[in-house]
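Working notes, structure below.
The values are calculated or read from the model by the stated rules, or taken from the named source; none is laboratory data. Note that the structure is a prediction, hence the values are computed from the model and not measured. FYI the Cβ positions are ideal-geometry reconstructions off the backbone, even for glycines, and counts take in every protein chain you see. The area values use the complete protein model at the heavy-atom level, side chains included, leaving out ligands, DNA and RNA. Shrake-Rupley method; radii C 1.70, N 1.55, O 1.52, S 1.80 Å.
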Amino acid sequence: MKVIHLGNDILRQKAVPVEEINDEIKALVREMFVTMEAEEGVGLAAPQIGRSIRLFVVKADDGVERTFINPQIVETSQELATYEEGCLSVPKMYEDVVRPARITIQARNENGRRFNLEADGFLARVIQHEYDHLEGILFIDRIDPALKTKIEQKFLKKTEKKED
Ligand code: ZN
């Protein structure tokens, strides 16, 4: 699977719910974990591989593979935390992003089972970043606007070059 980059409109669309967790979705989840590991990422959302559906996978610092289908963040802490973030769709760019320190999320896993997860630290960070992808939001939307513009222009130029 190929990870799409900043400049591709799919990354900016609001993803639609997964209608049925069938064999195709299960296979997609497996492929997404493989792609994520190959790219040395800690999370991957379906829009990043060109599928605008509400699904993402995460393997954070605890090494546990977690699948989130039709997730909803139901609680966020008042307390904030700052982490340096990067994104497979915005390669080689790393910036500090401020987000809630803790979250509670509800979702279904690849077997269709509903679960509830309270997360903090790095896991909470990765989940929020991936959840943003389902809303068409990228981490650069949450940094200094001037810096965001700079990054966008850099990627736009790259895309133009490819088309020449
Ligand atoms: Zn990302």
Accessible area in the full protein assembly, largest first, 1.4 Å probe, for Leu156, Leu44:
Leu156, Leu44
Counting only GluC sites (Glu not before Pro) that are in a DSSP loop and have at most 16 other C-beta atoms within 10 Å, tell me the longest site-free stretch of the chain.
80-134
Solvent-accessible area per residue for the chain at a 1.4 Å probe radius, Å²?
56
Report D for segment 49-118 in µm² per second (integer): Stokes-Einstein, Kirkwood Rh on Cα pairs, 20 °C, 1.002 mPa s.
154
Please give the contour-minus-distance gain from Ile73 to Arg102: 0.36 nm per residue of separation, less the Cα-Cα distance, rounded to one decimal in nm.
9.4 nm
Heavy-atom SASA rank of Lys26, Lys2, Lys148, Lys157 (probe 1.4 Å, accessible area, largest first)
Lys2, Lys157, Lys26, Lys148
With every protein chain left in place, what is the accessible area of Asp61 in Å² (1.4 Å probe, nearest 10)?
120
Of all DSSP beta bridges in the chain, what percent run antiparallel (nearest 5)?
95
For the pair Glu31 and Lys148, how long in nm is the line joining their label points, each one 7 Å along Cα→Cβ?
3.1
Could you work out, for segment 1-125, what percent of all Cα-Cα pairs fall into each 10 Å distance bin, beginning at 0 Å and stopping at the bin that holds the largest distance?
12, 42, 39, 6
Any idea how far the Cα center of segment 28-46 sits from the one of segment 93-144, in Å?
15
At a 1.4 Å probe radius, which order do Asp141, Asp96 fall into by accessible area, largest first?
Asp96, Asp141
Can you pull out the trypsin sites (Lys or Arg not before Pro) in segment 32-113 that DSSP calls coil and that have at most 11 other Cβ atoms within 10 Å?
Arg113
Using only protein heavy atoms and a 1.4 Å probe, report how much of Ser77 is accessible, in Å² to the nearest 10.
20
